[in-house]
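Here the structure is laid out as structure tokens; the discussion comes afterwards.
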Amino acid sequence: MLRDRDKEVIWHPYTPMKLRPESIGIVKGEGVYLEDEQGNRYIDAISSWWVNLHGHSHPYIASKLSEQLTILEHCIFAGFTHEPAVMLAERLLPLLPGEMKKIFYSDNGSTAVEVAIKMALQYWSNKGQRKQKLVAIEGAYHGDTFGAMSVSERSIFTEPFNEKLFDVSFIPFPETGREDEGLRALEALLNENNVAAFIAEPLVQGTAGMRMYNPETLEAFFRLCKQYDTLIIADEVMTGFGRTGALFACNGLETGPDMVCLSKGLTGGTLPMGITATTQEMYDAFYDDDILKTLYHGHSYTANPIACTAGLASLDLTLDETCEANRKRIEARHREFAASVKGNNKLKNVRIQGTILAMDIETGAATSYTNTQRDIIYKFFIDRKILLRPLGNIIYLMPPYCISDAELEYIYSAIKELTDKI
Ligand SMILES: Cc1ncc(COP(=O)(O)O)c(C=O)c1O
């Protein structure tokens, strides 16, 4: 069995290997389903760590990739360029929030953030100004590399490395009714006049437990940054490509970011790739005869043509009107579910942002990533052939957009069954 062979040779991410040694061996993916080696089919209600947009093994994406594989599989991206990278940049830039004019490719969400941090710090040093502080929001998660960890909440994820992380200021999360606290804290920091950049997960903090806040507050954060000449990094790694309703979470704002980080849904969940998009003004600060003003950052697989082709194919599907209709349909079903569980005292803080539905399960203990009911809740859904990976006692749905009403209904009724049992 795959499961047993795996135990001999694999070390899994985010997995306490002694406590959770069992891995389900997946042999096939099709639409919203993942099929294991015993023929069980699981609904992938979380899009496999939030990456899959259009269903697994999508035939359209597959055909584009197989064609590209026979044209150009990879080439160095310094001194050379290629059609998929240029075309993806040409097509994406006009869709992004703000005035994005350049695309910098990397490998994943963490590197997209890492690049944005480096761009922000070097932007100011290239301009001869000493702005070196970074500001983030409490609860933030921006990835697992050292820069990305530094701008993330200090937590059990970062604990062994905290001493090595650089100093970042965190402002309070803008809970409903307490938005002013975050705004005041941000303004106080910006007033010191040494803030290089502010980074935020727009509208939804994913890993913190799908914590949601309103666009007016995001707008107010961004406006303050502009007022104090501080760069804005919008980390749309999770929220991008329609998750929050609009194509990008920052799309409706009047104040645009200076950098946008993308990954996850970028390739429809097919291949790893990251993007840091930026403005002409940012780019111009590096455009110089002095080679010391160069952004010396890159990865061997930067702008891999197959990954870029996956990005293009996924974008075709995302921009198709059926995709938008599906996103609206999912949001409408979530709202019906939320109305149907009003008064269920086992489900607290039921919240929706576009296609994302989240809620806290009342377990008698505090809502937290280390809530002891986590494994019980995970198993409950796996037993019902639903992949729904709780963040502690917080459960959420972030399904591929092709999920049917019947499949959603099946998941909703499993959630209601859970509340009867827990
Ligand atoms: C908002 C956000 N930024 C960055 C990352 C890191 O992305 P990756 O896991 O691809 O490194 C994540 C991953 O969950 C994320 O949610």
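Every number in this text was worked out from the coordinates using simple rules, so none of it is lab data. Model, not experiment: these values are computed from the prediction. Positions of Cβ are backbone-derived with ideal geometry, glycine not excepted, and every protein chain shown enters the neighbour counts.
Among MET259, MET359, the ranking by other beta carbons within 10 Å of each residue's beta carbon, starting with the fewest, stands as MET359, MET259. Listing SER155, SER47, SER413 from fewest to most neighbouring C-beta atoms within 10 Å gives SER413, SER155, SER47.
Between the amide H of PHE104 and those of THR276, ALA277, THR278, distances stay under 5 Å, these residues lying 5 or more places away or on another chain, with hydrogens modeled in the peptide plane. Listed from fewest to most Cβ neighbours within 10 Å, the set GLU37, GLU254 follows the order GLU254, GLU37. Spread over its residues, the convex hull of the C-alpha atoms of the chain is 153 Å³ per residue.
Within a Cβ distance under 12 Å of PRO305, other residues only, what is the Lys/Arg minus Asp/Glu net charge? Walk me through the numbers on the way to the answer.
Values: positive: LYS64; negative: GLU67, GLU73, GLU83.
That sum, taken over residues with Cβ under 12 Å, equals -2.
The string of couplings for region 178-189 from the Karplus curve (6.51, -1.76, 1.60, θ = phi - 60°) is 10, 4, 4, 4, x, 5, 5, 5, 5, 4, 4, 5 Hz, one whole number per residue in order, with x for Gly and Pro.
Taking θ as phi - 60° and the Karplus parameters 6.51, -1.76 and 1.60, the scalar couplings of region 367-379 work out to 5, 6, 4, 9, 3, 5, 7, 3, 5, 5, 5, 4, 5 Hz in sequence order, x denoting glycine and proline. Taking amide H as placed 1.01 Å from N in the peptide plane, the amide H of ILE171 sits under 5 Å from that of ALA136, ILE137, GLU138, each at least 5 places away or on another chain.
When the helices in the chain are scored as -39500 (n - 2.57) per DSSP H run of 4 or longer and the sum is shared across all residues, what 222 nm value do you end up with, to the nearest 500 deg cm²/dmol?
Details: 13 runs with 148 residues, N = 422.
One gets -10500 deg cm²/dmol as the mean residue ellipticity at 222 nm.
Of the GluC sites (Glu not before Pro) found in region 55-159, those in coil by DSSP whose Cβ has at most 16 other Cβ atoms within 10 Å are GLU73, GLU99, GLU138. For trypsin sites (Lys or Arg not before Pro), the sites in region 291-370 that DSSP calls loop and that have at most 10 other Cβ atoms within 10 Å are LYS342. 3J(HN,Hα) along region 401-407: 5, 8, 4, 8, 4, 5, 5 Hz, from the Karplus curve 6.51 cos²θ - 1.76 cosθ + 1.60 with θ = phi - 60°, whole Hz, x for Gly and Pro.
Amide H to amide H, with H built 1.01 Å from N, ASN371 comes under 5 Å of ASN393, counting only residues 5 or more places away or on other chains. Hull volume per residue, based on the alpha-carbon atoms of region 72-319 and their convex hull, is 125 Å³. Sparse packing (at most 12 other Cβ atoms within 10 Å of the Cβ) combined with a DSSP loop state is found for the following trypsin sites (Lys or Arg not before Pro) in region 1-42: LYS18.
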